[in-house]
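Quick notes on the structure that follows.
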Amino acid sequence: MALSASPDLWSNLSGFGSSDSSSEARAALLKVNAEMFVAAAARDRESIETFETLVLGFLPKTDTATRRELARILTPCPDTPASIMDYLARHSSGAVDAPHPRHAVPPPSGERLLATPDGRLVLAAQPDLDPATIHRLLVLRESAVEDALAANPALLPDTAPFAELTRRSHRRPALAAILLDRADLPTAIQAALYLSASRERGQAIRERIVASLAHRRVSLSFTLAEQDLADLLAAALKGDDHRLETILTTLFAFPANTEWRLLEIGRHRLLALALNVLGVPRRDAVRIFLNLHPALSHSLSAIRALVQEMRDIPGPVALALIECILDVRTLSGEALA
């Protein structure tokens, strides 16, 4: 008798993820259902979507051997959802010998995948995401989904969603690290991620900025008035980071709503870059580091690192880094090439 395509065919997967079932039992059950799906005489849309949702939900719980076997079973079937084959291809090296047709996820299936964390991870890795789906993924602010989107080469650096990921990475170094691993980042985006870069990567970013600045038509220099320096020192002696940031915003002619967040962990070097550009004498800079907050001066090595940031980076490079990190432009209005 021909097999039915009823969604009930997959109902025995309901206990697949329970803690009472062994990994062997779950793998066997998944393979049996895959074989039933392939052998079905007909598969309507509902049965395909139900099979897709359930399998994608449980594939992360399987081992490589199981995924290879599933790929062997499902590859010949033209109705196997592309999202399943994509997952198997990415997570089972060599499991899919011939490329499986990759189609955009149809709206009903996309809706189902958007409903679950595992489904959203699958969507975030798709090579043909549309802007609306990307927005619906980003609006949830799930770290794992953001990481998957950041690693997806289909999401190009010159798009608004990528810019949003870059902004979010300023508060999440793990996301910044994923973005920095990409080989297609323009200089400006690399500079925006500078505070999260390794020492070696930071040096490479600075070298790229030097090359980019060679094409700038305008070169700015700052002359710090005695009163400005006195104001910076006074704010630091009071531990008033808000006042100090307000002074910096004024001196750089940045928008009033610029967010320096100098004392946030991971952003202390931004203060060193700013003092560098303004030409603050090293002795006065050390006084600012020592008094603004204990986190800046908890050890000699912490102070030394901030001083080194001032000493080793040319002023124009430091200014370009500040502009990119804060996503603002000073009087020149010029962006990095």
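The values are calculated or read from the model by the stated rules, or taken from the named source; none is laboratory data. Because the structure is predicted, anything quoted here is derived from the model rather than measured. Cβ: placed from backbone, ideal geometry, glycine included. Neighbour counts: every protein chain shown. Calculation scope for accessible area: heavy atoms of the full protein, side chains included, ligands and nucleic acids excluded. Shrake-Rupley method; radii C 1.70, N 1.55, O 1.52, S 1.80 Å.
Before moving on, here are some points about what is shown:
- Surface share of carbon and sulfur [accessible, 1.4 angstrom probe, percent] for region 226-326: 53 percent
- Extension gain (nm, one decimal) between E207 and R243, 0.36 nm per residue minus Cα-Cα: 9.7 nm
- Segment A28-E200, length gained on full extension (0.36 nm per residue, minus Cα span): 57.1 nm
- Counted residue by residue at 0.36 nm each, then reduced by the alpha carbon distance between them, the extension gain from N257 to H298 reaches 11.8 nm.
- Here r is the Cβ-Cβ distance between T223 and E264 and R0 is 30 Å; the resulting FRET efficiency, rounded to 0.05, is 0.55.
- Under the criterion of Cα pairs below 8 Å and six or more residues apart, the relative contact order for region 20-91 equals 39 percent.
- Shape call, region 189-280: gyration tensor on alpha carbons, a/c limit 1.5: oblate
- Region 110-185 - percent of accessible surface contributed by carbon and sulfur, probe 1.4 Å: 60 percent
- Each principal axis of the Cα cloud of region 126-284 was taken in turn, and the coordinate range along them, longest first, works out to 57, 35, 27 Å.
- Two-site FRET efficiency, A65 against R90, from Cβ-Cβ distance with R₀ of 25 Å, rounded to 0.05: 0.95
- Probing with 1.4 Å while keeping every protein chain in the model, the per residue accessible area of region 152-280 equals 50 Å².
- Global geometry of region 110-185, whether rounded, prolate or oblate, following the gyration tensor of its Cα atoms and the 1.5 cut on a/c: prolate
- Rounded if a/c under 1.5, otherwise prolate or oblate - region 240-293, Cα gyration tensor axes: oblate
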